[in-house]
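Peer 1: Sharing a structure here in structure tokens format.
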Amino acid sequence: MSEQGRIDWLERPNDDFPFYDGQPVTLSGGQWLVVLAAVALGFACLTVNVPVLTSDAGVLIRALLFPVLPLLALRLVAGRHWRCLFRRVRGADVGWMLGFAILNLVITVALGALVMTVFGAEVNAAVHGLADMDASGRKWFFLHTLPQLFGEEVLTVLPFLAVLHLAHDRLGLSRIKAVIMAWLLSSLLFGLVHLPSYNWNLLQCLVVIGSARLVLSLAYIKTKNLWVSTGAHIINDWVIFGVVLIGAAAQPVA
């Protein structure tokens, strides 16, 4: 860790997060509330059943609204600077996607096995049902996971940046303390929004899902690039989906 509070073993030199410490613009508390309200609205579009959007195409539309609404809100308050969330993906960034995805899988499997053995765990009904889908259903499933997983990154990174701004610019915490607070609180939020998916198993969502989020967020902290954390997230989840399908194919036909 440098004198300026940079995490030298993780962060790149001369690189920093957007929307705090006046770079590239300062967002007011009210502007951050607009962005966070849009994050909540986008999540509601994904999770609340809308009678006219229950088909495969309708589910895809809801998954698209999940990230689009918060990004539109950020565009409204930050202007062209909303693009600071995204950077060009280079070869090294692809390596970081793979590396953080692998690390996350290892940690998730280990913690999941521990929680299941000691406390019991719930399965994700949507993922579990993948094995029973036909080819068309699986195609739509994988298609709508792309904007959904991207949306989960938006849902995490925008609150991360909001807390970073609050902790550093408003509360006067050091950069390192502000980054750690933002990292922990945004991961806590991520775990809590997964409660309905895991039958409200709080321990599982906080320990397993929350820890997985801590790892995936390191991809953003490392690169400051939402594409990289999204790529790591997609690789991680698609490997899990693949394991489910392989397991289903290996089951003997009754």
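Peer 1: Could you check F17 against (1) touching a helix residue (DSSP H, G or I) at 6+ places or on another chain (Cβ under 8 Å); (2) modelled with pLDDT of 95 or more; (3) assigned to a helix (DSSP H, G or I); (4) not polar (S, T, N, Q) and say which number it fails?
Peer 2: (3)
Peer 1: Can you find a residue that is among the charged types (D, E, K, R), outside any helix (DSSP H, G or I) and surrounded by fewer than 15 Cβ atoms within 10 Å (Cβ to Cβ) anywhere in the stretch 67-82?
Peer 2: For the stretch 67-82, residues among the charged types (D, E, K, R), outside any helix (DSSP H, G or I) and surrounded by fewer than 15 Cβ atoms within 10 Å (Cβ to Cβ): absent.
Peer 1: Moving on. Quick one: in the stretch 175-216, of everything that is among the aromatic types (F, W, Y) and within 19 Å of I107 (Cβ to Cβ), which residue is nearest to the chain's Cα centre (by Cα)?
Peer 2: Among those that are among the aromatic types (F, W, Y) and within 19 Å of I107 (Cβ to Cβ), it is F190.
Peer 1: Among L146, L203, L171, L130, which is modelled with pLDDT of 90 or more and under 20 Å from I234 (Cβ atoms)?
Peer 2: L146
Peer 1: Now a separate question. Report whether or not A113 is at negative phi and in a helix (DSSP H, G or I).
Peer 2: Yes; evaluated as a whole, the condition is true for this residue.
Peer 1: Just checking, how many residues over the stretch 192-220 are touching a residue at least 12 places away in the same chain (Cβ under 8 Å) and either within 22 Å of G129 (Cβ to Cβ) or not in a helix (DSSP H, G or I) (or both)?
Peer 2: Qualifying residue count, the stretch 192-220: 12.
Peer 1: Being farther than 16 Å from L226 by Cβ and surrounded by fewer than 14 Cβ atoms within 10 Å (Cβ to Cβ) narrows it down to one of Q23, Q31, so name that one.
Peer 2: Answer to the selection: Q23.
Peer 1: Further question: Restricting to the stretch 20-36, and then to whatever is assigned to a helix (DSSP H, G or I) and touching a residue at least 60 places away in the same chain (Cβ under 8 Å), can you tell me which residue is nearest to F190 (Cα to Cα)?
Peer 2: For the stretch 20-36, the residue satisfying everything is L36.
Peer 1: Please tell me if V39 is more than 16 Å from the chain's Cα centre (by Cα) and either part of a helix (DSSP H, G or I) or among the acidic types (D, E) (or both).
Peer 2: So V39 does not fit the description; no.
Peer 1: Considering the stretch 167-176 alone, what residues qualify as being in a helix (DSSP H, G or I) and touching a residue at least 24 places away in the same chain (Cβ under 8 Å)?
Peer 2: Matches in the stretch 167-176: H168, D169, R170, R175, I176.
Peer 1: From the list L166, L149, pick out the single residue that is touching a helix residue (DSSP H, G or I) at 6+ places or on another chain (Cβ under 9 Å), surrounded by 15 or more Cβ atoms within 10 Å (Cβ to Cβ) and more than 22 Å from V243 (Cβ to Cβ).
Peer 2: Testing whether each residue is touching a helix residue (DSSP H, G or I) at 6+ places or on another chain (Cβ under 9 Å), surrounded by 15 or more Cβ atoms within 10 Å (Cβ to Cβ) and more than 22 Å from V243 (Cβ to Cβ) leaves just L166.
Peer 1: All but one of (1) in a helix (DSSP H, G or I); (2) out of contact with any Phe, Trp or Tyr (no Cβ under 7 Å at 6 or more places or on another chain) hold for L161; state the number of the condition that does not hold.
Peer 2: Unmet condition: (2).
Peer 1: Could you tell me whether R138 is touching a helix residue (DSSP H, G or I) at 6+ places or on another chain (Cβ under 7 Å), in contact (Cβ under 8 Å) with a residue 12 or more places away in the chain and under 30 Å from G22 (Cβ atoms)?
Peer 2: No, not satisfied.
The values are calculated or read from the model by the stated rules, or taken from the named source; none is laboratory data. Remember, it's a predicted structure, so these values are computed and weren't measured experimentally. Quick reminder, even Gly has a Cβ in these numbers, built from the backbone with ideal geometry, and neighbours come from all protein chains shown.
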